[in-house]
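Reading through the structure tokens given below for one structure.
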Amino acid sequence: MLQKTSLLSTVNVPADIRDFSKEQLKQLADEVRAEVIDAVSVTGGHLGAGLGVVELTVAIHHVFNTPKDKLIWDVGHQCYPHKVLTGRKDRIRTLRQGGGLAGFTKRAESEYDPFGAAHASTSISSGLGFAISRDLQGEDNNVIAVIGDGSMSAGMAYEAMNNAGGMDARMIVILNDNDMSIAPPVGAMSALLARMVSSRGYRKFRGFAKGMVENMPRPIKSTARKAEEYTRGMVTGGTWFEELGFYYVGPVDGHDLDHLLPVLNNAKAMKSGPVLVHVVTQKGKGYKPAEDSADKYHGVSKFNVVTGEQKKSVAKAPSYTRVFADALINEAKKDDKIVGITAAMPSGTGLDLFGKAFPDRCFDVGIAEQHAVTFAAGMAADGMRPFCALYSTFLQRGYDQVVHDVAIQKLPVRFAIDRAGLVGADGPTHAGSFDVSYLGILPDLVVMAAADEIELTRMVKTAALIDDRPSAFRFPRGEATGLEIPDLIEPLEIGKGRIVKQGSSVAILSLGTRLGEALKAAADLDALGLSTTVADARFAKPLDKDLARQLADEHEVLITIEEGSIGGFGSFVMQELAESGRLDRGLKVRSMVLPDVFIDQDTPDNMYKTAGLDSDAIVAKVFEVIGRDMAEFASLA
């Protein structure tokens with residue numbers, strides 16, 4: 001039997017597949033799927049979502065004239081097949097690596113990525129922006145937004161659809177329904193109906209029928225409209241989308257190119273108004289280990305392609321996320337008013353474990369951070385003790401609610417902020433860089449940062465006891481330090497830090513898990529003859545003013561360090577030292593923060609080295625401040 005010639009090797013850009021036959025497109029889809037599986041087995045990353053849209057990706061790039069036609073992927077978890085087809089297949093094994101391809105769409109990476117995304121539910125809004133811009137500039141290209149059914153749990157998607165429908169904007173939204181959460185059974189009949197209602201003939205007849213009743217009395221017009229909506233709703237299930245102003249087509253099997261191609265061609269031919277094409281796909285399609293997995297291999301580490309076994313590194317310590325979950329469960333056993341709230345990230349935040357222990361007290365509200373915050377505020381206002389567990393980068397999306405619904409009312413919502421600081425392979429879109437800055441400026445909001453797992457456990461207990469104001473505690477992704485957590489945990493005194501190592505010449509005041517690097521730096525400085533104190537601030541707010549003043553009074557140099565942006569903890573310390581007159585006494589003080597740039601993906605250690613927040617950078621900063629050459633100083637010492 002003759003082996004088929006590889007088609008993928010001949011494809012460099014989507015234009016190369018525009019003349020492919022249907023059979024060639026099917027073969028190409030198989031090859032793209034195999035390429036994605038092999039690449040992600042090497043790099044790790046988001047696998048299941050991409051496997052689910054292979055045929056859809058091939059079909060879109062075959063039917064539409066990308067990059068002139070704008071293709072926007074929501075979130076970007078599913079963009080790996082798109083990257084393979086758009087001039088990046090030779091670099092696909094650098095996904096999520098330092099200096100390699102981003103794990104999401106990225107404007108700076110390719111003209112085929114017109115809009116960058118890594119947070120959910122932005123595609124319809126940005127697509128509408130492209131569509132209106134096109135019309136204002138007199139262009140005629142298509143705009144296609146692909147959004148998953150999970151992203152449809154966010155209010156932003158509905159805001160955009162309502163706006164697009166009201167404006168009658170010409171754009172195509174493809175709803176990738178990969179959980180059967182909306183669709184009725186998909187088969188030949190539904191495919192026939194989808195093709196029929198998207199066809200030019202049906203649309204012409206629909207227009208003719210509307211014209212016939214336009215001048216009839218209002219009751220007849222209303223009855224005719226409702227009759228058509230009811231009929232189409234019965235056979236296609238799209239009445240709800242039609243109410244938002246979209247012409248609904250579907251559901252259609254997203255893995256059957258025989259069905260998918262004509263529907264996309266029909267949608268392309270529609271030259272007025274917004275269209276929603278409902279495509280049903282299977283997450284993890286074509287790779288049995290992913291198909292059989294509960295999460296369809298949503299995110300994976302490196303794995304064996306044959307067996308599907310993931311290559312897990314041996315953990316030396318539990319993750320900070322697990323430490324938080326265990327601590328919260330322990331507190332909840334003693335207090336039945338403690339509840340957990342998250343926004344579509346139960347496993348990522350550890351609330352899946354809390355939910356198993358307390359199923360009636362755990363709430364996943366979907367991709368809806370704004371709602372999560374105000375939902376927690378309502379609970380707090382009625383006497384419950386809500387812990388709202390969100391990634392730092394996602395809490396940004398609920399900031400107005402933090403200000404208006406929580407802080408102004410002084411409601412005791414407890415924000416458990418996971419993924420604080422730099423997060424590695426997910427890159428700048430998921431970095432928790434700004435929470436200390438944007439929370440620390442709010443009156444009466446307690447802001448804590450854990451230096452290790454014992455401190456994190458104490459902060460959970462402390463937050464549980466704060467009933468007169470909101471609070472937040474932050475912790476990073478990854479393994480904790482390996483300390484043994486004692487059975488008896490005491491809460492912290494609000495606004496009080498601690499001195500971890502005593503010295504006399506240089507002081508390092510750390511917030512968060514840079515404490516380990518500060519202690520390494522102190523050991524190096526001590527060896528060079530610079531006696532160094534290391535303190536753990538614990539609180540960014542309320543700031544331990546006594547500790548800051550003491551360090552300033554007793555040392556020649558004071559360095560603050562944090563895993564956050566400018567405007568955060570270091571700025572709060574500077575404000576206190578300035579107001580207390582200590583900057584007028586010759587004190588040499590510097591703040592070490594994340595640089596004023598977005599740092600691309602790499603390992604966390606490499607990212608912190610790039611950011612200048614490791615032990616070597618601390619030592620270098622001290623010598624920069626005292627104006628001495630390190631080698632020269634060492635020789636004198």
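Counting only residues that are modelled with pLDDT of 90 or more and within 24 Å of the chain's Cα centre (by Cα), region 306-321 holds 4 of them. Of all residues in region 4-17, those that are touching a residue at least 60 places away in the same chain (Cβ under 8 Å) have Cβ atoms under 7 Å from Cβ atoms of residues that are among the acidic types (D, E), 6 or more apart or on another chain, in L8/E31; L8/E35.
Being over 22 Å from the mean Cα position of the chain (by Cα) and assigned to a loop (DSSP other than H, G, I, E, B) holds for only one residue in D326, D336, and it is D336.
Of all helices (runs of 4 or more DSSP H) completely enclosed by region 1-117, which ones contain at least 1 residues that are more than 30 Å from D602 (Cβ to Cβ) and of a type in the set (D, E)?
Fully inside region 1-117 and qualifying: 22-43, 54-63.
Reported count of residues in region 566-590, each being surrounded by fewer than 20 Cβ atoms within 10 Å (Cβ to Cβ) and outside any helix (DSSP H, G or I), is 9.
R514: touching a Pro at 6+ places or on another chain (Cβ under 9 Å) and not aliphatic (A, V, I, L, M), yes or no?
Taking the combined requirement at face value, the residue does not satisfy it.
Check whether at least one residue in region 411-430 is assigned to a helix (DSSP H, G or I), surrounded by fewer than 23 Cβ atoms within 10 Å (Cβ to Cβ) and touching a helix residue (DSSP H, G or I) at 6+ places or on another chain (Cβ under 8 Å), and report yes or no. Yes, region 411-430 has at least one match. Does at least one position in region 59-79 carry a residue that is among the β-branched types (V, I, T) and farther than 20 Å from A145 by Cβ? Looking for residues that are among the β-branched types (V, I, T) and farther than 20 Å from A145 by Cβ, one finds none in region 59-79, hence no.
Among the residues making up region 298-323, those that are under 30 Å from T94 (Cβ atoms) and assigned to a helix (DSSP H, G or I) are Y320, T321. Inspect all residues belonging to region 39-59 and state whether any of them is free of Cβ contacts under 8 Å to residues at least 60 places away in the same chain and under 20 Å from the mean Cα position of the chain (by Cα). Checking region 39-59: at least one residue is free of Cβ contacts under 8 Å to residues at least 60 places away in the same chain and under 20 Å from the mean Cα position of the chain (by Cα). Residue count for region 448-482 satisfying the condition of being under 27 Å from the mean Cα position of the chain (by Cα) and assigned to a loop (DSSP other than H, G, I, E, B): 10.
The single condition among (1) closer than 20 Å to L257 by Cα; (2) in contact with a Gly (Cβ under 8 Å, 6 or more places away or on another chain) that V75 does not satisfy is (1).
The values are calculated or read from the model by the stated rules, or taken from the named source; none is laboratory data. Note that this is a predicted model, so its numbers are computed, not measured. Please note: Cβ atoms are built from the backbone with ideal geometry, for glycine as well, and neighbour counts cover all protein chains shown.
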